[in-house]
1. Once every DSSP H run of n ≥ 4 in the chain is given -39500 (n - 2.57) and the sum is divided by its residues, what mean residue ellipticity at 222 nm do you get, rounded to the nearest 500 deg cm²/dmol?
2. For the stretch 56-66, in order, what is each residue's ³J(HN,Hα) by Karplus, 6.51 cos²θ - 1.76 cosθ + 1.60 with θ = phi - 60°, in whole Hz (x at glycine and Pro)?
3. Given bins 10 angstrom wide, list per bin the percent of all Cα-Cα distances in the stretch 43-103, short to long.
4. Within the stretch 5-103, list the chymotrypsin sites (Phe, Trp or Tyr not before Pro) lying in a DSSP loop whose Cβ has at most 14 other Cβ atoms in a 10 Å radius.
5. Counting other Cβ atoms within 10 Å, keep those with at most 14, restrict to DSSP loop, and tell me which trypsin sites (Lys or Arg not before Pro) in the stretch 2-103 are left.
6. Which label belongs to the value computed from this structure, given these candidates for Rg/Rh (Cα atoms, Kirkwood Rh): (1) 0.94; (2) 1.15; (3) 1.23?
7. Mind putting a number on the dipole of the chain about its Cα centre? Charges go on the C-beta only, +1 for Lys and Arg and -1 for Asp and Glu, and I need it in Debye to the nearest 20.
8. Report the residue, chosen from LEU25, LEU52, LEU92, that carries the largest GNM mean-square fluctuation when the chain is represented by alpha-carbon nodes joined by springs under 10 Å.
Amino acid sequence: MKKTAYIINNARGPVVDEKSLYKSLKEGWIAGAGLDVFEQEPTPLDNPLLKLDNIVVAPHISSASYETRSKMAEMVANNLIAYFEGKTPPNLVNTEVAKQKKP
C-alpha cells in the first residue's frame, strides 16, 4: 500500500492482522486506519492500536443506520420467502443447509 493509504475494516476482525497493522501505522508505512471490528471483541483496553493517533475506532456499529438495517430486514424476508417456496435463498452462505430436507 502507498504511504498515503488508509485501511478501513468494517467486515470481520480477522480480515486484518492487527500486529501487522500496528507496525505499519507505527512505522508510517500507511497513513492511517479506521476499524469498526477487531480480531477479539470486545477488544482489550490494552490493545496497542488504541494508543495510536493515526487510527479511528468504532464499537462495531457501522451497520447501525436506518438504510442498512432496513435492507438487512428485506434480505431476511426474501430469504424466508424463497426457502418456503422451495427455492434456494438468494443470500445463502452455508450451502449444506440447502441440501437438508425442507418442511
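1. Numbers: 3 runs with 32 residues, N = 103.
Taking each H run of at least 4 residues, the total per residue is -9500 deg cm²/dmol.
2. 10, 10, 10, x, 6, 10, 5, 8, 8, 10, 4
3. The distribution over the stretch 43-103 is 18, 28, 21, 20, 12, 1, given as percents.
4. Numbers: sites: TYR6, TYR22, TRP29, PHE38, TYR66, TYR83, PHE84; in loops: TRP29, PHE38.
Those that pass, being in a loop and sparsely packed, are TRP29.
5. Values: sites: LYS2, LYS3, ARG12, LYS19, LYS23, LYS26, LYS51, ARG69, LYS71, LYS87, LYS99, LYS101; in loops: LYS2, LYS3, ARG12, LYS87, LYS99, LYS101.
Loop-located and lightly packed - LYS2, LYS3, ARG12, LYS87, LYS99, LYS101.
6. (2)
7. Values: 13 positive and 12 negative charges, 66 e Å.
Here the size comes out at about 320 debye.
8. Largest GNM mean-square fluctuation: LEU92.
Only the coordinates and a few stated rules stand behind these numbers; no lab work does. Computed from a predicted structure; not experimentally measured. Ideal geometry is used to build each Cβ from the backbone, glycine not excepted, and the neighbour counts take in all protein chains shown.
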